[in-house]
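Just below is one structure, and these are the notes that go with it.
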2 protein chains.
Amino acid sequence: MSPRPAVRPGGRSARVQRSVHAAVQELQAEHGRTGLTVPLIAARAGVTPSTVYRRWGDLQELLADVAVEHLRPDEPPADLGSLREDLEHWAAAFLEEMSSPAGRAYIRDALAGDPDGSNAGQCSAYAVEQVETILARAAQRGEHVPGTDVVMDHVVAPMMYRVLFRPGLLDAQYARDLVATVFYRLMPLP
Amino acid sequence: MSPRPAVRPGGRSARVQRSVHAAVQELQAEHGRTGLTVPLIAARAGVTPSTVYRRWGDLQELLADVAVEHLRPDEPPADLGSLREDLEHWAAAFLEEMSSPAGRAYIRDALAGDPDGSNAGQCSAYAVEQVETILARAAQRGEHVPGTDVVMDHVVAPMMYRVLFRPGLLDAQYARDLVATVFYRLMPLP
DNA sequence: CCACGACACGCAATTCCTTTGCGTTAAGGT
DNA sequence: ACCTTAACGCAAAGGAATTGCGTGTCGTGG
């Protein structure tokens, strides 16, 4: 899923991939995204530009690849003891990460270099996975839980829409309000 | 709002802008987006590439400009006599347009060539405007109406999220279901 | 363990896009 | 009708993207 066909998972190919990804993150931190070119990245990574072009196609797809990797959650959502707390905490953290300038940039990169929609699909798959972890844990406790799609449609989607299309008006309270709406209005009563 | 500073609204500048926009749409229809380059567009438009670079900066920003123009609604939402019908009809049409391959491409272009978020903000402003037209008409009739943000958060946002991140599973029924959720669960009772 | 086939990479030349300086033309205001 | 200023055309220079060919390395099957 990472680069084009992702063949040859070990050895030199893997080294090149790690090196290039690291170069992208370093240069992005140094020069910002303006002035970020394939030859520059290749030089930092210690490879030739043609290697990058052959593996990733162009700069957009490379940035999209890096962005998706960076958007992958590194740990399962916290377990605070109740569905309400878990959802609120996770939603607030999710919004915090996505609404930051860096987060927005990663999302836009993931969407931009995405001919077939697989990168974007991967991003939502990450969110689905996290939400389902929370819901499954709550069900295990015997709590009544909403469907995954209810949470995706009425908590995740509104946050992402505002992040992408309506910057400003975003704070942790908004995330909590969306979770509250799910609890008081959208969740089937027992 | 259209190009950079949009000074000199008439005469030659306006002709160049129209010509370039038309060239983009023609070439996009002919060759698709691959193989779409600034020199190609400039040649079709009858201008030199440097003119395009100076006005739009690069290909991405030009495509974003064209996309936003194309996403602007060309007419106010239909008046079918009731809030429920108006919202359902508009949401279904909106989803139909946005979920098409061309629609998705326009949205991605508008997001991609968007350093400061103004293009994306314009897109949501279009939707807000359409929704408020519908809500104002319903209020005029004496109907109880939800807030604009309720519709944006729980009708528009879920559709756009699925369009961008979860392709597939999109049909007119989904739009109607979201409107139904607003009516039966999210709208304050009289 | 070794040899074979296949893929990825480096190198370098070519092509094309992108940038920039300068002169010219046209728009908007007085 | 003139004057100021912005936008455009032209052309050259600089840099990025593409591609053919040879070499090294990974994975596999004998």
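FYI, it's all coordinate maths here, none of it is from the lab. None of the values given here were measured: they were computed from a predicted structure. With ideal geometry, Cβ positions are generated from the backbone for all residues, glycine too; neighbour counts draw on all protein chains shown.
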The correct pair for the protein assembly as shown, radius of gyration to one decimal and Dmax as a whole number, both in Å and from Cα atoms, is 22.5, 70
Overall dimensions of region A:74-186 by Cα: Rg and Dmax, Å: 14.0, 43
Each residue of region A:132-140 in order: what ³J(HN,Hα) in whole Hz does its phi give by Karplus 6.51 cos²θ - 1.76 cosθ + 1.60, θ = phi - 60°, with x for Gly and Pro? 5, 4, 4, 5, 5, 5, 5, 4, 4
Ignoring solvent entirely, what values of log10 I(q)/I(0) come out of the Debye formula for chain B at 0.17 Å⁻¹ when each Cα is a single scatterer? -1.06
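Per DSSP H run of at least 4 residues, take -39500 (n - 2.57); add these up for chain A, divide by its residues and hand me the 222 nm value, nearest 500 deg cm²/dmol.
Details: 10 runs with 125 residues, N = 190.
Taking each H run of at least 4 residues, the total per residue is -20500 deg cm²/dmol.
For each of B:HIS21, A:HIS31, count neighbouring Cβ atoms within 10 Å of the residue's Cβ, then give the residues from fewest to most. Each step should come with its number before you reach the end.
Details: B:HIS21 19, A:HIS31 12.
Starting with the residue having the fewest Cβ neighbours, the order is A:HIS31, B:HIS21.
For B:ARG176, what is the net charge nearby, where nearby means another residue's Cβ is under 10 Å from its Cβ and Lys, Arg count +1, Asp, Glu -1? Intermediate values should be presented prior to the final figure.
Working: positive: B:ARG84; negative: B:GLU88, B:ASP171, B:ASP177.
After counting each charged neighbour, the total is -2.
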I'd like the Karplus ³J(HN,Hα) series for region A:149-163: coefficients 6.51, -1.76, 1.60, θ = phi - 60°, whole numbers in Hz, and an x wherever there's a Gly or Pro. 5, 4, 5, 5, 6, 10, 10, 5, 4, x, 5, 5, 4, 5, 4
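Based on the Cα gyration tensor of region A:62-119, what are the three equivalent ellipsoid semi-axes, each the root of five times an eigenvalue, rounded to whole Å and given largest first? Before the final figure, lay out the partial values.
Numbers: eigenvalues 141, 27, 16 Å².
One finds semi-axes of 27, 12, 9 Å for region A:62-119.
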Residues of region B:173-188 with backbone nitrogen within less than 17 Å of a virtual label 7 Å along the Cα-to-Cβ line of B:GLU85, please, listed as ranges. B:176, B:180
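When A:THR48, B:THR181 are ordered from fewest to most other Cβ atoms inside 10 Å of their Cβ, what list results? Don't skip to the end; give the middle numbers.
Details: A:THR48 12, B:THR181 19.
Ranking A:THR48, B:THR181 by Cβ neighbours within 10 Å, fewest first, gives A:THR48, B:THR181.
How high is the relative contact order of chain A, in percent, counting Cα pairs under 8 Å that sit 6 or more residues apart? If you can, show how the numbers build up before the last one.
Details: 169 pairs, mean separation 39.1, N = 190.
It comes to 21 percent, rounded to a whole number.
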Ranked list, fewest to most other Cβ atoms within 10 Å of each Cβ, for B:PHE165, B:PHE183: B:PHE183, B:PHE165
Note the distances from A:GLY35 to each other copy's matching label point, with points 7 Å along the Cα-to-beta-carbon direction, in nm, sorted shortest first. 3.7
Hz values of 3J(HN,Hα) by residue in region A:70-76 - Karplus curve (6.51, -1.76, 1.60), Gly and Pro given as x: 6, 7, 5, x, 8, 8, x
Between 0 and 90 degrees, rounded to the nearest ten: what's the tilt of helix B:172-181 against the longest Cα principal axis of chain B? 50
